[in-house]
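Visitor: This is the structure, below, for whatever I ask next.
The values are calculated or read from the model by the stated rules, or taken from the named source; none is laboratory data. Because the structure is predicted, anything quoted here is derived from the model rather than measured. All Cβ positions, glycine included, derive from the backbone under ideal geometry; neighbour counts span all protein chains shown. Side chains are part of the model used for accessible areas, which takes the heavy atoms of the whole protein and leaves out ligands, DNA and RNA. Shrake-Rupley method; radii C 1.70, N 1.55, O 1.52, S 1.80 Å.
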Amino acid sequence: MQHFPIFLNLNKRPVVLSGGGDAALAKLRLLLKTNSKLTVFAATPAPEIESWAQSGKLTLIRRPVMAGDLSNATLFYAADENPSEDARTAKIARDARALVNIVDNLQDSDFITPAIVDRAPVTIAIGTEGTAPVLARALKAELEARLPASVGPLARIGNSFRALAMKLPAGRARRDFWADYFSDAGPKALTKGKAAVKPALNTLLDRHLSRAARPGHVAFVGAGPGDPDLLTMKARRALDEADVVIHDRLITAEILDLARREATIIDAGKEGFGPSVSQDDINALIVGHAGNGAQVVRLKSGDATVFGRLDEEIDACDDAQISWNIVPGITAASASVAALGQSLTKRGRNSSVRFLTGHDMRGFADHDWAALSRPGEVAAIYMGKKSARFVQGRLLMHGADRATPVSVIENASRPDQRILETTLATLPADLADAGFDGPALTLFGLAPRAAQSLSHLQMETA
Ligand code: SAH
């Protein structure tokens with residue numbers, strides 16, 4: 001970095017420019033944005049310069065620069081577009097100890113003028129040390145498009161609130177407050193007019209003060225089966241307040257979008273049989289963030305208490321003396337049985353229902369197959385795709401009816417939900433044919449309700 005960027009305070013400082021043509025105009029348009037004391041030397045000034053002089057924006061002297069003219073100058077611009085004249089005036093300026101910029105002559109200049117994105121008081125200076133002016137212009141255009149004009153007023157109003165924001169502890173709490181202001185509360189308030197911004201800052205500060213007083217905490221939140229409308233109000237509130245969200249593989253993007261924009265989102269996804277983040281690493285992540293004072297949401301699909309390895313994470317919190325709570329969610333069995341238009345329990349059919357996992361940490365999971373093989377039994381089998389043949393074999397061995405209805409619901413509650421209607425006899429083959437690749441729940445002992453009411457139901461959810 002040969003040229004070091006700094007922002008110079010030009011308030012009431014003398015700045016002098018020599019030249020009256022296009023190069024001079026380009027520099028003057030920028031300099032007129034400052035409160036410097038601007039003097040222009042030009043024997044034949046462009047009309048714009050004349051009118052700026054008339055309106056008192058600058059002092060115009062209608063002759064070339066001479067020795068002694070620049071004794072006070074902070075900055076001097078040689079903008080005559082004439083190398084020998086520029087060299088002459090630059091020498092006078094240097095003798096007077098001014099910093100010199102010779103337009104289009106990087107080599108002989110003390111400083112260069114960057115490309116500027118002006119959202120005063122927010123200013124971005126872009127420099128390429130003269131190597132790529134086209135790139136600098138492209139970057140400027142890109143940044144200008146990205147920075148709304150509201151940035152300037154928001155920064156000005158925010159500045160007048162700085163003393164009050166000191167009530168928040170320095171560091172993360174204060175940073176979060178300002179991030180919230182600039183990305184969310186500020187722009188929202190500004191749409192109602194500048195007068196709405198101060199009250200919004202007060203409200204925001206109250207919110208952050210109560211948050212900052214809280215120690216770290218972990219909420220184990222059930223995110224439901226995927227449809228964001230199936231989140232509970234409590235889950236939404238927890239997401240809204242979370243500093244850190246640590247989520248499962250099955251959590252949909254629509255749900256993650258509901259977290260605050262400033263929240264840190266961490267994917268701790270575990271593939272059923274594939275590569276995984278170890279449970280110890282997940283525990284360490286949760287405890288680490290909460291230990292630093294963060295409000296952590298541990299977001300699990302469905303209900304956090306169903307096949308979610310919740311207890312290991314709770315134990316880790318307890319060991320680290322971190323407070324926690326559980327926010328229940330809608331488990332896949334509830335969403336799936338709703339997709340069938342059925343009940344999980346029914347008088348005269350089944351007075352109990354089992355939630356089984358198709359596989360556990362040791363492989364295919366063993367269960368009380370004899371009990372499940374009796375007529376009328378209903379079971380929701382989680383993670384049951386790969387174990388379909390194993391489950392079928394065990395049930396048939398214990399005398400289950402080959403004609404027992406079985407439904408497999410893929411992506412329950414999501415737009416791409418699919419239902420496979422089959423029987424115990426043909427479950428593995430039909431499941432293989434269906435080629436389900438999303439999360440799927442097997443409902444043993446349940447068929448979709450009569451076709452007519454089901455199509456009615458699908459129309460409603462479509
Ligand atoms: N805690 C979750 C279950 C986690 S185990 C819950 O309560 O739902 C992961 C298994 O849940 C998947 O293999 C699948 O069997 C089931 N599952 C999760 N989301 C599902 C969905 N949208 N549709 C069907 N099954 C789903």
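Visitor: Could you say which residue among 287, 306 is in a loop (DSSP other than H, G, I, E, B) and more than 24 Å from residue 183 (Cα to Cα)? If you could, list the steps in order and put the result at the bottom.
Guide: Numbers: 287 fails: in a loop (DSSP other than H, G, I, E, B).
Just one listed residue meets the conditions, 306.
Visitor: Before we move on, is residue 420 at pLDDT 95 or above and closer than 30 Å to residue 255 by Cα?
Guide: Values: at pLDDT 95 or above: yes; closer than 30 Å to residue 255 by Cα: yes.
When the stated conditions are applied, residue 420 passes them.
Visitor: Turning to a different aspect of this structure: Looking at the stretch 11-70 only, could you name the residues that are farther than 18 Å from residue 88 by Cα, open to solvent by less than 70 Å² (accessible area, probe 1.4 Å) and in a loop (DSSP other than H, G, I, E, B)?
Guide: Scanning the stretch 11-70 gives 32, 34, 36, 45, 46, 56, 58.
Visitor: Quick check, is residue 101 under 26 Å from residue 126 (Cβ atoms), out of contact with any Asp or Glu (no Cβ under 6 Å at 6 or more places or on another chain) and at pLDDT below 95? Reasoning before the result, please.
Guide: Values: under 26 Å from residue 126 (Cβ atoms): yes; out of contact with any Asp or Glu (no Cβ under 6 Å at 6 or more places or on another chain): yes; at pLDDT below 95: no.
Against the criterion (under 26 Å from residue 126 (Cβ atoms), out of contact with any Asp or Glu (no Cβ under 6 Å at 6 or more places or on another chain) and at pLDDT below 95), residue 101 does not qualify.
Visitor: Here is a further query. Restricted to the stretch 309-339, and to residues that are in a loop (DSSP other than H, G, I, E, B) and free of Cβ contacts under 8 Å to residues at least 40 places away in the same chain, which residue is surrounded by the most Cβ atoms within 10 Å (Cβ to Cβ)? I'd like the intermediate steps shown before the answer.
Guide: Residues of the stretch 309-339 in a loop (DSSP other than H, G, I, E, B): 309, 320-322, 328-331.
Among the residues that remain, those that are also free of Cβ contacts under 8 Å to residues at least 40 places away in the same chain are: 309, 320-321.
Numbers: 309: 14, 320: 16, 321: 9.
Filtering first and then ranking leaves 320.
Visitor: State all residues of the stretch 87-100 that are open to solvent by less than 10 Å² (accessible area, probe 1.4 Å) and more than 13 Å from residue 110 (Cβ to Cβ); if no residue qualifies, say none.
Guide: 89
Visitor: Looking only at the stretch 386-420, count every residue that is under 24 Å from residue 230 (Cβ atoms), more than 7 Å from the ligand (Cβ to nearest atom) and open to solvent by 10 Å² or more (accessible area, probe 1.4 Å) and tell me the total.
Guide: Final tally of qualifying residues: 6.
Visitor: Another question about this same structure. State which residue is nearest to residue 170 (Cα to Cα) when the search covers only the stretch 196-241 and only residues that are among the small types (Gly, Ala, Ser) and part of a loop (DSSP other than H, G, I, E, B). Spell out the reasoning first.
Guide: So in the stretch 196-241, the residues among the small types (Gly, Ala, Ser) come out as 196, 200, 210, 212-213, 216, 219, 222-224, 226, 235, 238.
Imposing the further condition that a residue be part of a loop (DSSP other than H, G, I, E, B) reduces the set to 213, 216, 223, 226.
Values: 213: 13, 216: 17, 223: 33, 226: 38 Å.
Checked the stretch 196-241; the qualifying residue nearest to residue 170 (Cα to Cα) is 213.
Visitor: Let me ask something additional. Any idea which of (1) away from the ligand (no atom under 16 Å from the Cβ); (2) open to solvent by 40 Å² or more (accessible area, probe 1.4 Å); (3) at pLDDT below 95 is the one residue 367 doesn't satisfy?
Guide: (1)
Visitor: Moving to a separate point now. From 149, 163, grab the single residue that is of a type in the set (Gly, Ala, Ser), more than 16 Å from the ligand (Cβ to nearest atom), more than 30 Å from residue 316 (Cα to Cα) and assigned to a loop (DSSP other than H, G, I, E, B).
Guide: Numbers: 163 fails: assigned to a loop (DSSP other than H, G, I, E, B).
Just a single option satisfies the conditions, and that option is 149.
Visitor: Another question, if that's okay. Name the single residue that is modelled with the lowest pLDDT among those in the stretch 283-308 being within 13 Å of the ligand (Cβ to nearest atom) and open to solvent by 50 Å² or more (accessible area, probe 1.4 Å). It would help to see each step written out before you state the result.
Guide: Applying the first criterion (within 13 Å of the ligand (Cβ to nearest atom)) to the stretch 283-308 yields 298-308.
Remaining after also requiring open to solvent by 50 Å² or more (accessible area, probe 1.4 Å): 305, 307.
Numbers: 305: 97, 307: 94.
So, considering only residues that are within 13 Å of the ligand (Cβ to nearest atom) and open to solvent by 50 Å² or more (accessible area, probe 1.4 Å), the one modelled with the lowest pLDDT is 307.
Visitor: Here's something else I'd like to know. Residues to consider are 154, 168, 139; find the one that is out of contact with any Lys or Arg (no Cβ under 9 Å at 6 or more places or on another chain), surrounded by 15 or more Cβ atoms within 10 Å (Cβ to Cβ) and touching a residue at least 40 places away in the same chain (Cβ under 8 Å).
Guide: Numbers: 168 fails: out of contact with any Lys or Arg (no Cβ under 9 Å at 6 or more places or on another chain); 139 fails: touching a residue at least 40 places away in the same chain (Cβ under 8 Å).
Among 154, 168, 139, only 154 is out of contact with any Lys or Arg (no Cβ under 9 Å at 6 or more places or on another chain), surrounded by 15 or more Cβ atoms within 10 Å (Cβ to Cβ) and touching a residue at least 40 places away in the same chain (Cβ under 8 Å).
Visitor: So, one more: Give the residue that is surrounded by the fewest Cβ atoms within 10 Å (Cβ to Cβ), with candidates limited to residues of the stretch 224-262 that are more than 12 Å from the ligand (Cβ to nearest atom) and among the acidic types (Asp, Glu).
Guide: 229
Visitor: Right, another one. Which of the numbered conditions does residue 277 fail, given that it passes all the others? Conditions: (1) touching a Lys or Arg at 6+ places or on another chain (Cβ under 7 Å); (2) open to solvent by less than 20 Å² (accessible area, probe 1.4 Å); (3) hydrophobic (A, V, I, L, M, F, W, C).
Guide: Against the list (1) touching a Lys or Arg at 6+ places or on another chain (Cβ under 7 Å); (2) open to solvent by less than 20 Å² (accessible area, probe 1.4 Å); (3) hydrophobic (A, V, I, L, M, F, W, C), residue 277 comes up short only on (2).
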